[in-house]
Structures are given as C-alpha cells and as structure tokens.
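Here the structure comes first, spelled out in structure tokens, and everything after it is commentary.
The values are calculated or read from the model by the stated rules, or taken from the named source; none is laboratory data. Just so it is clear, the model here is predicted, and its values are computed rather than measured. Note: ideal-geometry Cβ built from the backbone for every residue, glycine included; neighbour counts use all protein chains shown. For accessibility, only protein heavy atoms count, side chains too; no ligands or nucleic acids. Shrake-Rupley method; radii C 1.70, N 1.55, O 1.52, S 1.80 Å.
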Amino acid sequence: MEGAELAGKILSTWLTLVLGFILLPSVFGVSLGISEIYMKILVKTLEWATIRIEKGAPKESTLKNSASVGIIQRDESPMEKGLSGLRGRDFELSDVFYFSKKGLEAIVEDEVTQRFSSEELVSWNLLTRTNVNFHYISLRLTMVWVLGVIVRYCVLLPLRVTLAFIGISLLVIGTTLVGQLPDSSLKNWLSELVHLTCCRICVRALSGTIHYHNKQYRPQKGGICVANHTSPIDVLILTTDGCYAMVGQVHGGLMGIIQRAMVKACPHVWFERSEMKDRHLVTKRLKEHIADKKKLPILIFPEGTCINNTSVMMFKKGSFEIGGTIHPVAIKYNPQFGDAFWNSSKYNMVSYLLRMMTSWAIVCDVWYMPPMTREEGEDAVQFANRVKSAIAIQGGLTELPWDGGLKRAKVKDTFKEEQQKNYSKMIVGNGSLN
C-alpha cells in the first residue's frame, strides 16, 4: 500500500508540473523561459564539446570533415561547353569521354540519392547515432556524453512521451466535441484553438524551438500554402503559428482516428486511396475549397516526399494548376541539435519518433514569403519552378530539378531522351543548342 501511495504521489506531482509549466502556457501561446534556459545550456555544452573535439582530433580527421561536402569536384558547365566549343555537324569519337565522365560522376556521387540520407555534421553533437567520424577524445568528453544519455532517456524521453500522449488525446477529444457544434464562427474559433493548443503541446514534446520570420506574410484564408518538405513534423511546425486545412490520403490505425476526428471540426481534405489517382477529382475538391474565402488556407508539400534539409527538389505541378494565391514558406532545420529528416525507407514511424524524442531538441527557422500568383503566359510547371527557386533562395537550400519520386522509382525515360535530343541538336545545329 505504501508503494502504491508513493507511486500515486509521484504521478500526481509529475502531472501537476506538466499541467502548470507546459500545458497551460501552450493554451495561451506563451513561454515561461524554461526552453530558452535549456537551449542556452545546450548551446554552451555543444560549443565546449566542439572545442574539445577540435583539440583532440588529428589533422587528417579535420581535413576529412572539411572535405565532406563532396567526394568529387563536379564540372557544372552545360553540355555545349563540356563538349568544347566549335565543332562540326558530325559525331566525334571524343564525345564518348564527356558522357563517360558524367556517368562516372553519377556512379561515385549522384545529386539525387544523397538527398535521401541524413546530412553530415561538421562537429559531433554528442548523439551516438551521429558518432561516425568522431572517436574517443578524452575521459571528460565521454562523461559528458554519458550524462547526456541519462538526461535524454531518463528525463526528457518520459516527459516528451507524456506530452505527446496528452497532445494527441486532447486533439482527438477536442476536435470530436467541437465537431458536434453547428457551423458558426464560434465553432471555427474553438476548432482553431484546439488545433493550435494541441500542436503547441506536441512541439514542446520535441523541445521545439521555432523562429518565425516575416509574419506579415502568413498565409491567408482562401489561399494555398506550399513549403519544402523535410519531416512529418513540418505540419506541427507550421500549425503552431497558424491553422491550415490539411490535404492527404486517408489512413488506418491511430492516424486514421486522428484524421476522422480532425475533419469533424475543420474542413480538411482527405482522399481515399482510389481517389488519389483521379487528378481531376483532387483538383475539383481543392478548387472548391479555395473558392470559399472563409476556409483555412490549404497546406501542400509539392515535393511529395521528405528531402534531407539540404535541398529542394522538383515541385509537382498539380498544386499550381488549381489557381488562387500561393503563399510560399521556407523551412530550415538546425541539424546540430537533432536530425528532423525522416528517411522512410530506413525507419518506420515509431522508430523515427523515438529518434526525435531522444534528440536534444528540434530547432528550425520558418520564413513566410510574399504571396505569388501565376503570371500571364506562364504555365503550371514554370510557376512551380519559380516558387521553388524562391523557397530555395530564402531557406539557403540547393535547388535541384530532379523528381523526389526517384527515392523509390527509376529515372523516367523522358530524362534520358532529353539528353539525347540536346546532343542531336548540337550535331545538327553545328554546335549550338539554339
């Protein structure tokens, strides 16, 4: 009995602290400064660890890390220049060397597959999962690492699991109850309050520190918000500062329960698996949504898959055929505190969430950008590329033309045919692609 009473007191004290210091501030959108103090301590610790590593690491390791941005030095010049200048109309045997060089570059280090693995760190962040290029340095650094493991797994993990459970439970219960109310401004206000509160709780479950820039450009109702995609938590990051209508496929299990509860309180756009293949049906439902200027802005990730926080890949044109105003948003995570990238081919959702909850923190910057509309004479592909370029520049990301679908599929024949056509034009057109 005494053991049960003690456990009950510990549990009640734990929940009281969580309620007072985390849940209530989340409702009002305020911070008590605890996360700021935690981040200051964390930054000082990682800076100290970096100095210790730099002092103890051999020069060869330092040179290796400094060169980790690329295995080879690429020649990014176009085909016309690569095949060198003045040439006749006929095929030249030396042209084979250019294509062989490009083929070997792709084999050694291509631009696509490296975007689907975690980005490399300049210095170790005291997480075992990133300790690939760093080895034993000193006893003091090892002791700090051991202390970090205890803090992350014995203190932070239980707290974060508790917060995540409370956040998801409140979201399901809250949206279900709000969904019973008749359509009115009160229902919309309560729905937004529930979504904002629960997302803030879930972000705090990851020790999230988010810096929002240019808030005057936040997406407005009746518009479409498009952003680069690194992680499933991109939705939480954005919804912490404003509500959106989600677009996606209907799932089963826990995700399905959450989706069914959310759609009762807010007009999210969920599709069945069979409907996702019908482009006309998807476009029609999205057009109907943005036609109502009272509805929340739609949140879309045009890449269609998660990219590793270093690049922006091809935007699918479907989001830009709908019409309406596009509100671009750039998201950039700081990998030094925790890797937010979800490598879905390597980790399932449970493993990924465990990695996130045992990281130091999730730190990111969000840039809202001026709204953009389709210009006269501009097709959907050109518009998508223009928006993608703006997001890449703002977020300091590399812009790539490749389709993120290459994560699981082979290169389309059209890509190969395009290179063949360019080469044939050079021969026929006397050395000029024009």
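Taking all protein chains together, Leu19, Leu139, Leu196 sort by accessible area into Leu139, Leu19, Leu196, largest first [probe 1.4 Å].
Accessible-area rank, largest first, for Ser191, Ser207: Ser207, Ser191, with all protein chains present and a 1.4 angstrom probe. Once both labels are positioned 7 Å from their Cα atoms along Cα-to-Cβ, the gap between Leu177 and Leu254 label points is 2.2 nm.
Give the separation of the Cα centroids, segment 231-272 to segment 387-406, in Å. Each part reduced to its Cα centre gives a spacing of 25 Å. Put simply, the amide H of Glu399, placed in the peptide plane, has neighbours under 5 Å in Val312, leaving out anything fewer than 5 places away on its chain. Thr310 sits with roughly 30 Å² accessible to a 1.4 Å probe, with DNA, RNA and ligands left out of the calculation. Stretching the chain fully between Ser35 and Glu399 yields a gain of 127.7 nm (0.36 nm per residue, less the alpha carbon separation).
Note on Tyr217: accessible area is roughly 80 Å² with a 1.4 Å probe, heavy atoms of protein only. In terms of accessible area, using a 1.4 Å probe and ignoring ligands and nucleic acids, Asp339, Asp234, Asp379 rank largest first as Asp379, Asp339, Asp234.
Averaging 1/r over each pair of different alpha-carbon atoms in segment 148-261 and inverting the result gives 15.8 Å, the Kirkwood hydrodynamic radius. The convex hull of the Cα atoms of segment 139-407, projected and averaged over all directions, covers 15.4 nm². Under 5 Å from the amide H of Ile362 lie the amide H atoms of Gly208, Thr209, each residue being 5 or more positions distant or on a separate chain, with H modelled from the backbone and absent for Pro and chain starts.
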